[in-house]
1. In this structure, does Leu348 turn out to be closer than 30 Å to Ser456 by Cβ, touching a helix residue (DSSP H, G or I) at 6+ places or on another chain (Cβ under 8 Å) and either at pLDDT 70 or above or open to solvent by less than 50 Å² (accessible area, probe 1.4 Å) (or both)?
2. Of the numbered conditions (1) at pLDDT 80 or above; (2) open to solvent by 40 Å² or more (accessible area, probe 1.4 Å); (3) under 19 Å from Ser266 (Cα atoms), Gly481 fails exactly one; give the number of that condition.
3. Please find, within region 418-475, the residue that is farthest from the chain's Cα centre (by Cα) out of those that are in a helix (DSSP H, G or I) and among the polar types (S, T, N, Q).
4. Ala380 - would you say it is open to solvent by 20 Å² or more (accessible area, probe 1.4 Å), among the hydrophobic types (A, V, I, L, M, F, W, C) and at pLDDT below 80?
5. With the requirement that a residue be open to solvent by 10 Å² or more (accessible area, probe 1.4 Å), under 14 Å from Leu402 (Cα atoms) and not charged (D, E, K, R), what does region 442-460 give you?
6. With (1) closer than 21 Å to Gln502 by Cβ; (2) modelled with pLDDT of 80 or more; (3) in a strand (DSSP E or B); (4) not hydrophobic (A, V, I, L, M, F, W, C) as the list, and Gly269 as the residue in question, which single condition is left unmet?
7. Being modelled with pLDDT of 75 or more, among the charged types (D, E, K, R) and in a helix (DSSP H, G or I) is the requirement here; does Arg198 meet it?
8. Of all residues in region 484-512, count the ones that are open to solvent by less than 70 Å² (accessible area, probe 1.4 Å) and at pLDDT below 55.
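The values are calculated or read from the model by the stated rules, or taken from the named source; none is laboratory data. All of these numbers come straight from a predicted model, not from anything done at the bench. Note: ideal-geometry Cβ built from the backbone for every residue, glycine included; neighbour counts use all protein chains shown. Ligands, DNA and RNA are excluded from the accessible area calculation, which covers all protein heavy atoms including side chains. Shrake-Rupley method; radii C 1.70, N 1.55, O 1.52, S 1.80 Å.
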Amino acid sequence: MRLPVPRPRSLAGQLFAMQAVLIAVVVAGYALFTYVSDRSQAEEAAGREALAVARSIADAPSVRQAIRTDDPSSSLQPYALHVQRDTGVDFVTIMNTRGIRWTHPDPEEIGQRFIGHIEDALGGESFTETYTGTLGPSVRAVTPIWDGGRIVGLVSAGIKVEEISKRVQGQLTALIGVAGGALALGAVGTYVVNARLRRHTHGMNATELSRMYDYTQAALHAVREGLLMLDGQFRVALINDGGRELLGVSDQVVGTSVAALGLPPSLTGALLASEPRVDEVHLTADRVLVVNTSPVSGGERRGTVVTLRDVTELQSLMGELDSERGFSQALRSQAHEAANRLHTVVSLIELGRAEEAVAFATAELELAQALTDQVVAAVAEPVLAALLLGKTAQANERGVELVVSQDSRLDDGLLPPSLPARDLVTILGNLIDNAVDAAQGSTRARVTVRACTEASELVLRVSDTGAGVDPALAEAVFERGFSTKPASGPGGRGLGLALVRQAVGRHAGALTVADAEEGGAEFEVRLPLGAVRAGGGVVSGGAFSGGPV
């Protein structure tokens, strides 16, 4: 049976143990230092006390008088015991200059030689020392007794080291209590701090946190979608490679406010919003992004997690798919009409009216051929010609007449490689769709398209007979989400003109909206046919004027 492997201690637990040991060492060191310091101070105080007692005895006249007698001990011994008892010292020894004791706490030691140093005292100096005598280790003072200018004896007073230790012991007990309280307080504080740390680290140890960091970094770089994390003040806290690429920002944006990133106003507003955003479509200078935001909260707002998906290609393909769907519906309707006309021709032949059948069929063919010839003659560029033919059929199905102006002229091969056909389809296709929507239902539903070149510029002009554009809304019509019709589909309406402005901006072009001659709106796009730079174009002139798009 395998024993379970103990899980490594969490980071909070390791820090708690380390801090507890550190506090214990600091407190113990302080206690030891204080004990040693107090003991040293106690010994110095004992030496000063003993020296004061010894000098007082040496200066007493009764002592000098007793020394002159034949038996100094008889009067000095009671006096020494009395002083010893009153001053609290452990012994008072009075001796002659040879060190023979006249007094001692133990009467049997009287007449014996003093154990200790007396040389300095015989030289006339008082001193203190720690020495082991008959009573054990003691701090003692020795001072000379002067009489008539000569030394007639010596006095030594001392306090046993054991007594000094007892004095320090009381202080040490209090010190240990204070040290224990400091250790307990430090342990409680450390536990509180580490409990908070444990909540923030979810009980993981340093190895687990390091491994999670490595995995997170690898995941951030591996994810192709953009990931952006904002702090509580809406500053960039983290951004992956995909996010920098999609937003067009540098590696130095961490710590920068979202408002200072230079993003389109609609996208900036979505990132600064306090409520979550789900699958919102936003346009940058050259991309169509789907944005999702989710606030991070834990009792308080801590930040926002933002995901970005690039649907530029998908949006373009959806536009092409919509066009193809429209074309197929137009072809289906034309096939239905062709079948009706074919039945008419067959019926005329069956009725024996062959000439009328031929005339009817010829007229229909001439009408279709005339439309094709008109478009191809005006616009020889194959992509635009095919787009116009398809849009003509679509508009016809919706009851709108789409015509190409007589002054349109666009030869094949004129467009430079830097102006791809996909962008032209996006620009002209969305302008025509917008014009057909506006003209549908009007008295004379008509859309006029003009395509030509002027002064090294490609000019695309689309006008309608609708209600026109309110001057107050001339700028708003180019914003994503603006529409006068109800939303439909996952992306809703209001994206077509925004895509036009984006495509025009990529090719440094200009986009104009003004009143049309027939009462509706007229949108004009001018794209340079020379060197094309990347960046924003200019929307100017007419009823609308703005900065780079």
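1. Taking the combined requirement at face value, the residue does not satisfy it.
2. (1)
3. Residues of region 418-475 that are in a helix (DSSP H, G or I), as a first pass: 421-439, 471-473.
Add one more test, that the residue is among the polar types (S, T, N, Q), and what stays is 426, 430, 434.
Numbers: Thr426: 39, Asn430: 41, Asn434: 43 Å.
Going through the qualifying residues, I end up with Asn434.
4. yes
5. Ser442, Ala445, Thr448
6. All conditions are met except number (3).
7. On the way: modelled with pLDDT of 75 or more: no; among the charged types (D, E, K, R): yes; in a helix (DSSP H, G or I): yes.
Here the answer is no, as Arg198 does not meet what is asked.
8. Going through region 484-512 one residue at a time, the tally reaches 4.
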